[in-house]
Structure formats: C-alpha cells, structure tokens
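Student: Before I ask anything, let me first share the structure, which is written out below as structure tokens.
The values are calculated or read from the model by the stated rules, or taken from the named source; none is laboratory data. Nothing here was measured: the structure is a model prediction, and the numbers come from that model. FYI the Cβ positions are ideal-geometry reconstructions off the backbone, even for glycines, and counts take in every protein chain you see. Ligands, DNA and RNA are stripped out before the accessible areas are found, and what is left, the full protein with its side chains, is counted by its heavy atoms. Shrake-Rupley method; radii C 1.70, N 1.55, O 1.52, S 1.80 Å.
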Amino acid sequence: FDGTSQALFMSEFMALYRGETLPPLRLQYKDFSAWQNRLFTSSRIKAQEGYWKGLFWGEVPRLDLARDYPRPEVFTFEGDCYSFMVESGTAINLRALAAGQGATLFMNIHALLNTLFYKYSGQTDITIGSGIAGRPIPDLQRIMGMFVNTLAIRNFPQGHRTYESFLGDVVEVVLTAFENQDVQFEELVEQLNLE
C-alpha cells in the first residue's frame, strides 16, 4: 500500500467496523479488466511497448556484485533481507535534496542505489526492478484485486558526473517508466526473449 491507499483502507475498515454502509464503487474490477483488454489492442500500448523494446534492445547486463561465495551453477532467486533505519535528520536531508532537483524520495533512493551498485561493481549500465501499484486511475484505489506490475528502470551511472546531475537523469528515466507502466513485465520479457 502507498500512504493514500493505506489511509483509504483504514477509513473504510473503520466505517465497516462501526456498521456503516460504504458508498458504492464507481468502477468494478470487470470495468478495469475491460479497459485493460481495450488498452492491450490500442496504439497507446504499442507506443509503450516501443519505448521498452528500445530501452532493452540488445544485451542487458546482469549486475555483477562482488560476493563472498561462488555463484551457484543453477541461478536461483534465493536471497536475504537486510533491514535498517535511517535517522530522521538523514531522511529530511534526502527529501530536501530530492525536492531541490524536482524529484521524489523514491527517485533519490533509486539514484542512491544505482550509485552504490556502480561503486561496488564498476558497471555503468544498471537495471533495478521496482514494483508499481498499477492503479493510475483514482477510482481504482477502492477496488480489491492484484494490479501490481514491475518496472525495469535502467540507468547509466558514471563516475565523472555529480550526484545531482545523475539524479536529474534518474528523474527523467523514472517519470518515463511510469508513463509507460501499462506494459506487463512478463510480456515484455517474453517479447524481448530475455532470460
């Protein structure tokens, strides 16, 4: 949930708890499904597919970070989770830096991750997958269902640039990715014949 969806869910949950009747939905999941089916045959989705195919044409390098153990013979998606807290002063500074560049905190953290991966790997072509809510229409906020999609956000960090300059590029890349979010990740991978 994003903050807006979470607040809406809680307010409606509390209304149900108090025995109140919720207002009728303007849209149902079947309306979304019909809209999506029309979208998948439209010129708009073809333009979005063109964006992604252009971005991922050719070889897409796998991030090669230093590791403590040899990579297994068979690639798996097993991993671990590392949790940490950011001090409030640091969070305020991150938000301020983002705002100064016309970015969001998400964009700033995305640029930070790219920078970190560049520093550890030396790679100047980095793709980071990010889940997206898939609810671009406000009326979809109240509908139950799985709308999530993955955006493969590709950036090109380089050591000779300032962080602020790179953040400006990340802002453009992220905004363009969000504008082209209707293409389903699984279909894109299949169309590009990628591993």
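Student: Once a ≥ b ≥ c are taken as the square roots of the eigenvalues of the Cα gyration tensor of the stretch 53-195, is the result rounded (a/c under 1.5), prolate (a/b larger than b/c) or oblate (a/b not larger than b/c)? Please report the intermediate quantities before stating the final value.
Tutor: On the way: a/c = 1.38, a/b = 1.00, b/c = 1.37.
The shape class here is rounded.
Student: Here is a follow-up. Limiting things to C-alpha atoms, what are the Rg and the maximum Cα-Cα separation (Dmax) for the stretch 156-195, in angstroms?
Tutor: Rg then Dmax for the stretch 156-195, in Å: 14.0, 36.
Student: Tell me which lysines have Cα within less than 20 Å of K30's Cα, excluding those fewer than 8 residues away on the same chain?
Tutor: Result set, ordered by chain and number: empty.
Student: Follow-up. Take every Cα pair under 8 Å in the stretch 105-195 that's 6+ residues apart, average their separations, divide by the length, and report that relative contact order as a whole percent. Walk me through the numbers on the way to the answer.
Tutor: Values: 84 pairs, mean separation 28.1, N = 91.
Value for the stretch 105-195: 31 percent.
Student: If you find the alpha carbon centre of the stretch 37-85 and of the stretch 95-125, how far apart are they in angstrom?
Tutor: With the stretch 37-85 and the stretch 95-125 each reduced to a Cα centre, they are spaced 18 Å.
Student: Continuing with this model, one more query. Quick one: among E87, E164, E49, which has the greatest mean-square fluctuation in a GNM of the chain with alpha-carbon springs under 10 angstrom?
Tutor: Looking only at E87, E164, E49, the largest GNM fluctuation is found for E87.
Student: Going 7 Å from the Cα of F147 along its beta-carbon direction, which residues of the stretch 32-72 have the amide nitrogen within less than 12 Å of the resulting point?
Tutor: 32-33, 36
Student: Hey, rough spin-label estimate for L22 and R95, points 7 angstrom out along Cα→Cβ, what's it come to in nanometres?
Tutor: 2.9
Student: Output the relative contact order of the chain, whole-number percent, from Cα pairs under 8 angstrom with separation of 6+ residues. Can you show the working numbers first?
Tutor: On the way: 155 pairs, mean separation 52.5, N = 195.
In percent, rounded to a whole number, it is 27.
Student: Then there's this: Would you mind getting me the FRET efficiency between C81 and T124? Use the beta-carbon distance for r and R0 = 22 Å, nearest 0.05.
Tutor: On the way: r = 28 Å, r/R0 = 1.26.
Given R0 = 22 Å and the Cβ-Cβ separation, E is 0.20.
Student: Between Q36 and L105, 0.36 nm times their residue separation minus their Cα-Cα distance comes to what?
Tutor: Working: separation 69, 0.36 × 69 = 24.84 nm, distance 2.96 nm.
Length difference between fully extended and current span is 21.9 nm.
Student: How many nm is it between the label spots at R67 and D182, if each spot is 7 Å from the Cα in line with the beta carbon?
Tutor: Here the answer is 3.9 nm between the modelled labels.
Student: For the stretch 29-112, what does the accessible surface come to per residue with a 1.4 Å probe? Please give it in Å².
Tutor: Numbers: 6630 Å² over 84 residues.
That works out to 79 Å² per residue.
Student: Once neighbouring chains are kept in place and the probe is 1.4 Å, which whole percent of the accessible area of the chain is contributed by carbon and sulfur? Walk me through the numbers on the way to the answer.
Tutor: Numbers: 7860 of 13630 Å².
Solvent-exposed carbon and sulfur of the chain make up 58 percent of the total.
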